[in-house]
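Report on the following structure.
Please treat every number below as a calculation from the coordinates, not as lab data. On a predicted model such as this, the values are computed, not experimentally measured, just so you know. Counting neighbours? That spans all protein chains shown, and the Cβs are built from the backbone with ideal geometry, glycine included.
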Amino acid sequence: MSEAVGATRTIYERSREGRRAFAPPVLDVPDVPVADLLPKGAIRRTPAELPEVSEPEIVRHYNTLSKKNFDLDTGFYPLGSCTMKHNPKLHERVAALPGHARLHPLQDPERAQGALELMWRLQGALGEIAGLPHVSLQPSAGSHGELAGLLLTRAYHEDRGQERHKVLTPDTAHGTNPATVTMAGYEVVKVGTAPDGGVDVDDLREKATEDVACLMLTNPNTLGLFDRNIREIASIVHGVGGTLYYDGANLNAVMGISRPGDMGFDIVHFNLHKTFTQPHGGGGPGSGPIAVSDRIEPFLPRPQIVRREGSNGSADAWFDLDHERPKSIGRLRGFHGNFGVFVRSYAYICSLGADGLREASEMAVLNANYLKALLGREGIAEHLPLAFDRHCMHEFVLSGTGAKEKLGIKTLDIAKRLLDHEVHPPTVYFPLLVDEALMIEPTETEPKERLDHFAAAVRAILEEAAEDPEVARHAPYSTPVRRLDEAGAAKRPVVRQPVP
Amino acid sequence: MSRYTSATDADRREMLDAIGVGSLDEIFESEIPEEVRLRRPLDLPPGMAEQDVNDHLGKLAARNTHCDDEVSFLGAGMYDHYVPALIDSIITRSEFLTPYTPYQPEISQGGLQVMFEFQTAISELTGLPVSNASMYEGPSSVASAGYLAKLETKRRRFVISRGVHPHSRETLATYAAGFGSEVVETPLDDAGATDVEALAAAVDDDTAAVFVQQPNFLGTVEDLGPLVEAGKCTGALVVCAADPLPLGILEPPGSFGVDVCVGEGQSLGNRLDFGGPSFGFFAAQERYIRKMPGRIAGETVDAEGRRGFVLTLQTREQHIRREKATHNICTSQALNALAGVIYLSWLGKRGVVELAELMLRRTHYARETLGLERINPGPVVREFAVRVPDLDGLFARARDAGINPGYRLGRDYPEYEDGLLVAITERRTKTQIDQLAALCTKGSDPLSVGDSRGLTP
Amino acid sequence: MAEESYPPELKYHPEHDWARIDGDEATFGITWYAQDALGEVVFYDPPEVGTTVTANESYAEVESVKAVSDVFAPLSGEVIEVNQALADTPERINDDPYGEGWLVKVRLSDSAEVETLLDVEAYRKLLTA
């Protein structure tokens, strides 16, 4: 391809002086000079170097770029802890309805009743799924929900006149957990993992002191294993007055089967972009609502969506934003949260209903155990042994140490060679507890034959490596680019188009 | 089987055989203790057919009065801008809508290049050399800038002008309560601009950052030079929250030496969506590149010398740095940032100036025509604040005429109890402004009501 | 990348750092094992000249693309020189960990501490354990 239309030209490199896509509306008010309306020092001297392109070239540019992306609508994404399940197509239609898309967040509540009712119903559904009745939809992502949870914990302890400094996280925790602990002003204390993959309860007992504000857990954990000691764990933490926080990344395993509130958790966050089908968008938007127990409720972010009985000129119930929350931790962001995401997740919950949500989790667990069984067969298992030999829930972790020792290829090489088989690789090198980890979560929306195909691809890669490990070491071959120099990008970062 | 799963009875039998169990329940029995098993159905309605969900959501949506139902002068952080059709057609493409975060760069070059182009556009608008690939939205980006300043200076105070959006001030306070910083607010002066002297007086040796907004919440064009100086003299960082579209004609915060510029990106090609999703932007001086939150795309080459892009400087982030990460952010707002960069490309170098100039002139015309007492009489762009003697009366008349006059300032600014914040975008025409002006005089002239759906040219 | 080696004239710290003693001064760096575990180094942020370093405590960080590693001081003292060349070419830490990849030079505050370090055999034993 020639330079001028080449595939890796940036939009800036396609710019030509004088081209335009936008034409402003006709000026219908007096043409007062800018210099009369702004002080000299405030007027921009050098224009922002944005591109000059017409609409056809903008469309071609972004369309061409899009074709260099692998995506879920095209193929399998067994990314552990990401829950890459199908994004139902109805959702884009209902999210785009003008009553949703064109609604200003500061519209009077009485003229946004549809939106507030939708949020209230979503809150109720999430509360029922979690087994914790009080919900805030405000946090914008899982990490944001985690921050909310620890800020709520802090407010709870301070309200009781207690100052605590530590938060416990298992060594298998997702990186957002310890990062959030620091942001919330606490110190991380790691709790070990027992041989069966659950929390080391003895270690927990030792570390659970009255200086511990909270224990953050995922259940099932990042190994895909349900912690059978969860009630004892809850009792230990509650026994020293701490709160128990549930990272909802793995909720897809247990909807309608087990509820975090019943396990003893005080605070739960949901990932609407995981369990509840909000499309990932290449890195967001997501949403991370939280559900909490009675004792945490007073501290929920403000405003809360509430249902009020009668008045307001009618006998009907109506929905409102409640700002009168004296113990609230305050706001975590502007306005009400990612409403567009709520619309999609609410549509999903309506579509599935009680039975469908339960079935989704059951099928997620079935698919994962089936894929685990396929990868546990001879020819694969000796190279990619299972990290913990138990039934898994919705995901499981293999270790690439066998392949490393016997075949001379690392988990990274297997991942890159999978790209040539037109599947996205699993999560790699996480959790840190497992050497050369591969974390695999198929989700419930994959049909059996895709799981068969994935297992066959893994088998083929291992057999190929036994013949010639160099092939995987230099994969991928069929993707738009080969392996990239990440070290160079970090040493001499180039993070924008140079100024022309 | 639901419409999204595929396991037939035959599939299930084969799969259970392969696993070596007789039923799925065997797995749950062995793994989940009885005392935490839910032994009743979820107390939720049964599932609905797609067409019923479609109708149900349609009925809910119909109960909202939106910006095509009325002429809206509501702003205060989110604005009724025209979103061009090409944005929808591009961001609903599967290849942009459904992929995961680009941790496997070889199959994510589209998304990574978009981030690189977005970072460039934000850098250009703000006048700062480095930008990340998005944050959640405006107010939490302000709080995140505070966190960077706290880590960088190890100081414990924030000084923030009341010219900064109330949601940003509140969010900063919420975050600060966690990591142990104090937030001090400083007042606006009689002209509705940040009181420089009061700000300077509040800054001390324990101040980690000073926050201002451009234009400020009332639409005032702040004089950034003295504000930045007041902030920097004790070594505090200066954070400027900015509205991106007016930066088309305003000298950018970077030129005044601010350390960090953050802001709300909704007005760049994103829908109102009752407040989200949109995106936040975060740009900074070069020296903060390894301290910034969020994902950053960088340019590099592949094994065959081809140009390519990767997520870079990942050691700042939570998945590597964990408790020492610069921030906890993981998922941000990539799709909304894509809408943003498409929008900025659509506006282009000249369009962003033309649009801002149009908003400036219409804002001026609106303020003149309304003829109400000015809370912020100085230079304004896209928004302005006025006192209205009978706000309830105005809103009642306006509702009947299909107009939403704007945002009542009283709840957030008790000092402006009778205040109204009026927002002007390129969609607010002279005719609509004239209609609002007519309503602002006592009673209304029935002849000036016009088409309440705002379709009068 | 360099071949695996552990020069016999150096002293070693269990956190995979080395010290070259020269009278009351010493040069510090990370061992071949450490740089191999890290992968290609992309960034090293040195302490300032004049800073005090304390034995067994971290005085800097070394970053690769996928990991960050604390660098531990084998001995206590005052930093008198830092390897500025690493700002442009941090990969020297990988290519020549004991030579051009040196990190800091320190004036020792307590020479007795040298006794606590491992000699090359003890360090090699630790690696194979």
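A few notes on this one:
- Antiparallel DSSP beta bridges within the protein assembly as shown, percent to nearest 5: 70
- Sparsely packed GluC sites (Glu not before Pro) within the range A:177-244, loop by DSSP, other Cβ within 10 Å at most 12: A:GLU210
- Considering only B:PHE279, A:SER143, B:TRP346, and ranking their Cα positions along the charge dipole of the protein assembly as shown that arises from unit charges at the beta-carbon of Lys, Arg, Asp and Glu, the one farthest toward the positive end is B:TRP346.
- Qualifying trypsin sites (Lys or Arg not before Pro) in the range A:86-144, where qualification requires a DSSP coil assignment and no more than 13 other C-beta atoms within 10 Å, comprise A:LYS89.
- About the centre of its Cα atoms, the range B:86-342 shows a dipole size close to 960 debye [charges on the beta carbon of Lys, Arg (+1) and Asp, Glu (-1) only; nearest 20 debye].
- Karplus (6.51, -1.76, 1.60) ³J(HN,Hα), θ = phi - 60°, over the range A:190-201, in Hz, Gly and Pro reported as x: 8, 10, x, 10, 7, x, 7, x, x, 4, 6, 5
- Sorting C:76-86, A:62-72 by their mean Cβ neighbour count within 10 Å, with the most densely packed peptide first, gives A:62-72, C:76-86.
- Under-5 Å amide H pairs with C:GLY101, H placed in peptide plane, nonlocal only: C:ASP96
- Virtual paramagnetic centre 7 Å along Cα→Cβ of C:VAL120, amide N under 18 Å, in the range C:13-35: C:13-14, C:16-22, C:27-35
- Our coupling estimate for the range B:23-28, obtained by passing each phi through the Karplus curve with A = 6.51, B = -1.76, C = 1.60 and θ = phi - 60°, is 7, 5, 4, 4, 5, 5 Hz, Gly and Pro reported as x.
- Relative contact order of chain B, pairs being alpha-carbon contacts under 8 Å that are 6 or more residues apart, as %: 20
- Modelled this way, with points 7 Å down the Cα-to-C-beta line, the labels at A:ALA317 and A:GLU422 are 5.0 nm from one another.
- Here the Karplus relation 6.51 cos²θ - 1.76 cosθ + 1.60, evaluated at θ = phi - 60°, turns the backbone of the range B:175-186 into coupling constants of 5, 5, 4, x, 8, x, 10, 9, 10, 10, 9, 10 Hz, with x for every Gly and Pro.
- Cα lying deepest toward the dipole's positive end in chain A, options A:ALA455, A:GLY283, A:VAL237, charges on Cβ: A:GLY283
- Cα gyration tensor category, rounded, prolate or oblate, for the range A:384-477 with a/c compared to 1.5: oblate
- Per-residue mean of foreign Cβ neighbours for B:290-300 is 5 (Cβ atoms of other chains, 10 Å radius).
- Test item: A:426-439 mean partner chain Cβ contacts at 10 Å: 1
- The overall shape of the range A:308-373, judged from the alpha-carbon gyration tensor, is prolate: a/c is not under 1.5, and a/b is greater than b/c.
- 5 angstrom amide H check on B:VAL183, placed H, neighbours 5+ away: B:PHE158
- For the listed residue pairs C:LYS105/C:LYS125; A:LYS68/A:LYS491; A:LYS404/C:LYS125; A:LYS68/C:LYS66; A:LYS416/B:LYS349; A:LYS190/B:LYS291, the alpha carbons are over 29 angstrom apart in A:LYS416/B:LYS349.
- Per-residue packing, averaged as other Cβ atoms within 10 Å, sorts the ranges B:21-33, C:109-121 into the order B:21-33, C:109-121, beginning with the highest.
- Over the range B:386-443, the pair-distance histogram of Cα-Cα distances with 10 Å bins from zero comes to 23, 55, 22, 1 percent, rounded to whole numbers.
- Long-range HN-HN contacts of A:HIS134 with modeled amide H, under 5 Å: A:VAL292
- Taken about its Cα centre, chain A carries a charge dipole of about 1280 debye when Lys and Arg each add +1 at the Cβ and Asp and Glu each add -1 at the Cβ.
- Cβ neighbours within 10 Å from other chains - mean over A:84-94: 4
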